[in-house]
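The values are calculated or read from the model by the stated rules, or taken from the named source; none is laboratory data. Just so it is clear, the model here is predicted, and its values are computed rather than measured. So basically every Cβ, Gly included, is an ideal-geometry build from the backbone, and we count neighbours across all protein chains shown.
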Amino acid sequence: MYKNKILNKKIFKVVIDSVPLISIDILLKKDNRVLLGKRINKPAQGHFFTIGGRVFKNETLDQAIQRVAKFELNIDLKLTPKFIGVFEHFYDDGIYKDVSTHYVNLAYEIEVENLPDFPFDQHAEYRWLTIDELFKSKQVHKYVKDYFKD
């Protein structure tokens, strides 16, 4: 079992400046639409993005998926989402002004039925968008669109 060890800001800045972070993105789908949240925090602040978060040291991928789903959406996933691929995200607008952020992102998708009220710790609002709407929107981050390219 993993133990979430919170790094102080100084150490975390060195980590971000030195190595890629591993993250999970969960593409929730319902009625041919994808759930996106408008990000409150950097990187990609103000953009609509999939739900996701970092993988912690000694945390399995399944544990990370369950934790992210619970923390970001207040849901307990009954099934493991389907793996759709590995993506890379590079950000100049990270949490530290002078440090870029590099994510190796593992993307998963899952069809959902009923969902509870979503928390607003990480996202200011949520939208269900079709793939076509997602591609046309300037508010949807370019990395989200990469998940749906052929």
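Residues in the range 30-46 that are of a type outside the set (Val, Ile, Thr), outside any strand (DSSP E or B) and either in contact with a strand residue (DSSP E or B) (Cβ under 6 Å, 6 or more places away or on another chain) or surrounded by fewer than 17 Cβ atoms within 10 Å (Cβ to Cβ) (or both): 31, 32, 41, 42, 43, 45, 46. The residues on offer are 84, 75, and the sole one that is aliphatic (A, V, I, L, M), out of contact with any helix residue (DSSP H, G or I) (no Cβ under 6 Å at 6 or more places or on another chain) and either in a strand (DSSP E or B) or surrounded by 12 or more Cβ atoms within 10 Å (Cβ to Cβ) (or both) is 84.
Go over the candidates 129, 106 one by one and state the one that is over 14 Å from the mean Cα position of the chain (by Cα) and under 21 Å from residue 145 (Cβ atoms). It is 129.
Of the residues in the range 93-117, how many are closer than 19 Å to residue 13 by Cα, surrounded by 13 or more Cβ atoms within 10 Å (Cβ to Cβ) and among the charged types (D, E, K, R)? Of the residues in the range 93-117, 1 are closer than 19 Å to residue 13 by Cα, surrounded by 13 or more Cβ atoms within 10 Å (Cβ to Cβ) and among the charged types (D, E, K, R). In a residue-by-residue description of the range 20-31, the property of being modelled with pLDDT under 95 and under 14 Å from the mean Cα position of the chain (by Cα) applies to at least one position.
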